[in-house]
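Laboratory data are not the source of any read-out in this text; all were calculated from the coordinates shown. All values reported here derive from a predicted model rather than from experimental measurement. As a convention, Cβ positions derive from the backbone with ideal geometry for all residues, glycine included, and neighbour counts pool all protein chains shown.
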Amino acid sequence: MNHIFLTPRSTPKLLSIVMPFCNEQDIFSSLRPQLTDFLDQSPYSCEVIAVNDGSSDRTIDLLVEWSMADPRIKILNLSRNFGHQSASTAGIDYASGDAIVLIDADLQDPLEVINEMVEQYRIGYDVVCGQRIARSGESTFKKFTAWLFYRCMQSFFLESLPRDVGDFRLMSRRCVDSLRSMRELHRFLRGMVAWVGYPQICVPYQRQPRVAGTTKYPLRRMIRLAWTAAISFSALPLRISFWGAGVMAFLAIEEAARALVEHFAGKTIPGWTSLMVVVCLCNAALMVAVGILGEYVGRIFEEGKGRPLYVVADTWNLAPRDDCDASAQWRKTMPESEKVYSK
């Protein structure tokens, strides 16, 4: 582990709170008063970058109404659902604060923890992660799989990834600037932040149950995120497939040797069963290896297209930034009457 030299900082002049939204209309009755109260009582200036990730309910309507009443609420409306990681990236790209906090809109992560994160930021840490010491309202299965995931990731793929942390974290401006240079399509933000390598520390807290609505990370999406995390930071799955193929090859050689011994011993066994076993084992090993290789090749193909991570359809209380959204380039040539992206 590297020795950490910390340089104390002053309180951030502006704190950006990035908050992705996807079908969260049921949470507004609780979120709006709590977040407004936090902003009013904060000793430092704050802005909220609310990213609507293709919601199919009234989330965007409620966000626009809120932004018109409070200029501190700034909205990015994506053209469709790009996923939580891309929506979070969009908010981070548009945040202009000295420190940026990424937090979900479901109120499971207490807003008060942000003040503790700012204190660690002032000490000199560039990344302050919220570490869950309790996960209220979650099943035993989800708790166990989360526990297993972080320990496997830390042991086999990314040693610097803190245990039991989600995307809830504070990042310094220089950390965010480094993070923004990483434009891969398949994103695992908490791993990318750890990979950047700036001084980080964890702040323990108790995660609360959802106030309203349903989780946007069911088992299927959690498995997909775990797979993305695994293959984004290591070629270990390819090596495992190679080792597996080696084991199958060893078994095939063993079966061949046994067949020769039986042949010279004068036994008249047809050998159909052993032949089928060897063929099946070898084919299974080959298919597993080819499948994992295909996953890597497929991602290379998708990355090679060079498509933007997200497309911003509309903004409120925010000006478009050419260095963030690739679609901003063609907006320059549009007639003024058609420029409806900024309101």
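Using a Förster distance of 25 angstrom, determine the FRET efficiency expected from the C-beta separation of I4 and M182, and round it to 0.05.
FRET efficiency, I4 to M182: 0.70.
If you build the convex hull over the alpha carbons only and average its shadow over all orientations, what do you get for region 1-132? Give it in nm² to one decimal.
8.8
Working out 0.36 nm times the residue gap between L251 and V297, then minus their Cα-Cα distance, what length gain in nm do you get to one decimal?
That works out to 13.7 nm of additional length.
Amide H of S55 versus every other amide H placed in the peptide plane: which residues, excluding those fewer than 5 positions away on the same chain, fall under 5 Å?
For S55, whose amide H was placed from the backbone, the distant partners under 5 Å are N23.
Got a sec to turn the phi values of region 201-208 into Karplus ³J(HN,Hα) couplings, 6.51 cos²θ - 1.76 cosθ + 1.60 with θ = phi - 60°, whole Hz, x for Gly and Pro?
Karplus-based 3J(HN,Hα) across region 201-208 equals 8, 10, 10, x, 7, 9, 7, 8 Hz.
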